[in-house]
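The block underneath contains the structure these notes are about, expressed in C-alpha cells.
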Amino acid sequence: MKESEKERDVIIETVSRVMVPFIQLFALYVIIHGTGGPGGGFQGGVVFASAFILYVIAFDLSGGRGRFPESANTLLSSFGLYIYAGIGLLSIIFTSGAIQYLNYGFIPFTSHFEENRALGMDFVEMGIGITVMAIIASIFFDLAHKEEKDGERGKEESR
Amino acid sequence: MKNIKVTALALITLLCALFVYVAEDIPVFGDPNAAPIKYVELFSIDADQGDGRLDQNLIPQQLTKRLLERGFPPPTRVEKIPGIQGEWNAFITKEEPHYAKEEKYYFIKREGNHLKVYRYAFVVRWIEKGLQETAVPNMVTYGLADYRGYDTLGETTVIFTAGVSVILLLRRRSRL
C-alpha cells in the first residue's frame, strides 16, 4: 500500500526512531545480566520484541518486516532452542561416562566447575532470549499482517 | 426461596469461620523462620535415652529405626548446633557426582520430654548452597536455568510451539 494513505505523525515517528535502539540496548542488558543481577532471558526477549512492535506501530508493517524479515525470524525462533539443547548435548558429550544432561559444570569453558555452571547459564539465557524475541515478534507480525491483508482484499473486491 | 438464602448465608458464614480458623496457623507472610518454610515435622521420640547420645554426636537407635520405618534415609552423622541448647542437625550421605556427598537433612529439637524430628525444607539447601555451587548470585536464575533446567527447556519449547502454531494458522500467504 502507498505510504501517503497512512496519516503520519512527526512527533511519534521521531520519538520512536530515537527510542528503538535504546530499548534494544536495554533488552540486551537485561539478557546479559540474567545471572549477575535481576533479569533473564524471558524478560529480555519480550523487551526486545517490544522494540519491533513500537517500530511497526509508529511507522508501518512492511517497513518493520523489511527490518526483520520472515526468513530471519523463523531461523532465530528455532536457533535459540538449538543453543539451549546444544549446551545440554555438549554436557552429554563431555561427560560420556556419566551422562549429565544440562549439567553445565562439565563443559570446559574454564577450569572451575562453578564458573562453568555460571557460563553455561549465561548461554542458556541467551538462547531463551533469542527464542522469546523471535516468537513474540512473529506472533505480532502475523496477527497484524492478516488484518491489513483482509482490508486490502475487501477494497480490491469493492473496486 | 427465603430458606435457600438463609442456608447459603449460613454456609458462607461457616466457610468464613473455617477459613479464619485455618488461617490462624498460616505463618505471617515473609517470615523467614516460619516452620513450613524452614522444616517439616516428621515425628517425635522419647527423650530419655536419646538426649545424652545426641550430645556425644551419636545417633540413637530408636531414631534410625523410626526413620527407616517411614522410608527416610538414615542419618550418618549428628552435630550440635553451636550456641543453642537442645538442637541438633543430622546429616545424610547422597550420591552426587561432583560435590560433597554429605547433606544437612534432619533437624532435631528437644521439647520437654520429647525429641521432635524435623526434615529441612528444600528451600534451606537452595539458599545456603546455591551461590557456592553455581557461582551465580541471583537466586532466581540459578533455580531457573540450573536446578530446574529441564523445566525451563520445556517452557521455551511451549513458547516455540505457540509461535509455530500461530504461523501455521495465520500465515497463509508465504512459506514457513
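Laid out as a table, the results:
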item	result
Taking chain A and dividing mean pair separation by its residue count, relative contact order in percent (alpha carbons under 8 Å, at least six apart)	27 percent
Cα-only radius of gyration and Dmax that characterise region B:105-176, units Å	22.4, 78
Cα Rg over Rh - chain A, Kirkwood	1.14
Packing-based exposure ordering (other Cβ within 10 Å, fewest first) of B:VAL158, A:VAL46	B:VAL158, A:VAL46
Pairs of Cα atoms farther than 15 Å apart, region B:33-130, %	62 percent
Test item: A:132-144 mean partner chain Cβ contacts at 10 Å	4
Gain in span if fully extended, B:PHE122 to B:TYR150, counting 0.36 nm per residue against the direct Cα distance	8.3 nm
Extension gain from B:ARG53 to B:LEU169, taking 0.36 nm per residue of separation minus the Cα-Cα distance	34.8 nm
Value of relative contact order over region B:33-130, rounded to a whole percent, pairs C-alpha under 8 Å and six or more apart	32 percent
Computed magnitude of the charge dipole of the protein assembly as shown (debye, nearest 20; Cβ of K, R +1, Cβ of D, E -1)	660 debye
Ranking of A:ILE53, B:ILE167 by count of other Cβ atoms within 10 Å, fewest first	A:ILE53, B:ILE167
Peptide B:150-161, shielding by other chains (average Cβ, 10 Å cutoff)	5
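No value in this document is a laboratory result; all are computed from the given coordinates. The model shown is predicted, which means the values in this text are computed figures rather than measured ones. Note that we place each Cβ from the backbone using ideal geometry, even for glycine, and neighbour counts take in every protein chain shown.
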